[in-house]
Amino acid sequence: MSNDIFAATGEPEADRVYLAQGGDWEQIAAEQAERGDETIVVNMGPQHPSTHGVLRLILEMDGETVTHIRPAIGFLHTGIEKNMEFKTWTQGVAFCTRMDYVAPLFNEAVYCLAVEKLLGITDDVPERASVLRVLVMELNRIASHLVAMGTGGMEIGALTVMTIAFREREMILDFLEGLTGLRMNHAYIRPGGVANDLQDGGLEHLRTVIAWLRKHLPEYATFCNENPIFKLRMQNLAKMDLTACMMMGVTGPILRSTGYEWDLRRAQPYCGYETYDFDVVTWDTQDAYGRFRIRLEETWQSLRIVEQCLERLERTQGQPVMVGDAKIAWPASLAIGPDGQGNSHEHVKHIMGESMEALIHHFKIVTEGFKVPVGQVYQAVESPKGELGCTLVSDGGTRPYRAHFRDPGFNHLQSVPLMCEGGMISDVVVAVASIDPVLGGVDR
């Protein structure tokens, strides 16, 4: 028994609060039963499989009904934004990619687009580089939605949905690993373009991935769409109408589940998205089920875009994947060695044995980086979760003066009380899953 440590400033204190911190639990339970007071405070997380990371939800409950809920964040704070102030503009990619680690390529893309806007080279990025950016983002969107649908299904008992979702995700991660060298946190998208072109056999590998997804994506609709148990656990839960979404800064599938057709790829195009043929998916139920159906259909729309990327990559073979300005392109030579790591033998031979000027330039561009004109920009992309934004401030130096990201999960978690208060504790799990937060992006 303790004073009411949960009461906010100015809020009246409860006459009695129980904390499970040792002692005789039978005595506490007996006293509680004698009082007939059903209010109890429960911590859901931070170590809990249904919180999608180290999220703590403080639930005040009357029986099994949630009367009050407070999200507590910060357990995964990594200081990424502050660290970026001490790294060059290009090195910053290796930091911000680790924010939303389920969709890292979107973190890289929004940051690099903002840097390019500051440099004034947005229109100088080669077409093939933009196509590769769209390709990896849309593959990453499918992978992210598979994680959202798979883990969300697992949390309500649909274990098979999780196992097959991770099967398809592995196919995508294998392709991304072949292209970038890493399964996640790729640091592949760089200011001015991308780190390297497709590997040998990359187009054939991509065709294999497309064929696999076309074959297996229909299974999710078969398992879930009309499954009566699945629908009973998802429909009319975690509801948010358009007004509430606007008030809370909610974007992505949650916003589109209200029927509002808002997708930055259409509304504020970047990377040439206005030239691709795809549909913006909406639903009209404003609930967790609608968000699931949107994510499922968006995997098909992303696959349409990936197929268009394949055609464009076939057409642009041999074209550059980085801006031609040698004072921005990093590393100095984008040809890589046969092991897929480091610079090519030709470039090493050139800088170490043929040209002192090339060696000096390579040393300076890698260690010092390039300068970015004084200014401030905001850039946003449509991540799988919603609007992912990046604000950059430059003081004219080789490092960001300030880098700040708008992660959609941060805004979405503040809407949890709107979705859950008055509902059952079992429905909190469904609500959080329908938001699809990744705490690496929320906390940064």
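The values are calculated or read from the model by the stated rules, or taken from the named source; none is laboratory data. It should be emphasised that the depicted structure is a prediction, and the values quoted were computed from it without experimental measurement. Virtual Cβ from ideal backbone geometry, glycine too; neighbours counted across all protein chains shown. Just the protein is used for accessible areas: all its heavy atoms, side chains included, with ligands, DNA and RNA removed. Shrake-Rupley method; radii C 1.70, N 1.55, O 1.52, S 1.80 Å.
Taking into account only those residues within the range 404-427 that are among the small types (Gly, Ala, Ser) and either touching a strand residue (DSSP E or B) at 6+ places or on another chain (Cβ under 8 Å) or not assigned by the TED database to the domain that holds Val93 (or both), which is most open to solvent (accessible area, probe 1.4 Å)?
So the residue we want is Gly422.
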Of all residues being within 17 Å of Leu139 (Cβ to Cβ) and of a type in the set (Val, Ile, Thr) in the range 200-229, which is surrounded by the fewest Cβ atoms within 10 Å (Cβ to Cβ)? Just the residue, please.
Thr208
State whether the residues of the range 109-117 include one that is open to solvent by 20 Å² or more (accessible area, probe 1.4 Å), modelled with pLDDT under 90, part of a helix (DSSP H, G or I) and assigned by the TED database to the domain that holds Arg402.
no
Are there any pairs, at least 6 apart or on different chains, whose C-beta atoms fall under 7 Å, with the first in the range 81-110 and without any contact (Cβ under 8 Å) to a residue 40 or more places away in the chain and the second surrounded by fewer than 23 Cβ atoms within 10 Å (Cβ to Cβ), and if so, which?
Phe95/Ile80; Phe95/Asn83; Phe95/Lys87
Single match in Ile172, Ile164 (criterion: in a helix (DSSP H, G or I), more than 18 Å from Val306 (Cα to Cα), assigned by the TED database to the domain that holds Thr97 and modelled with pLDDT of 85 or more):
Ile164
Counting only residues in the range 155-199 that are among the small types (Gly, Ala, Ser) and farther than 26 Å from Asp325 by Cβ, the one surrounded by the fewest Cβ atoms within 10 Å (Cβ to Cβ) is identified as Gly157
Given the structure, is His77 open to solvent by 50 Å² or more (accessible area, probe 1.4 Å) and at pLDDT below 70?
no
Report yes if Lys371 is over 26 Å from Leu135 (Cα atoms), open to solvent by 80 Å² or more (accessible area, probe 1.4 Å), outside any helix (DSSP H, G or I) and at pLDDT below 90, otherwise no.
yes
Please pick out the residue among Asp284, Asp325 that is under 26 Å from Ile189 (Cα atoms) and assigned to a loop (DSSP other than H, G, I, E, B).
Asp325
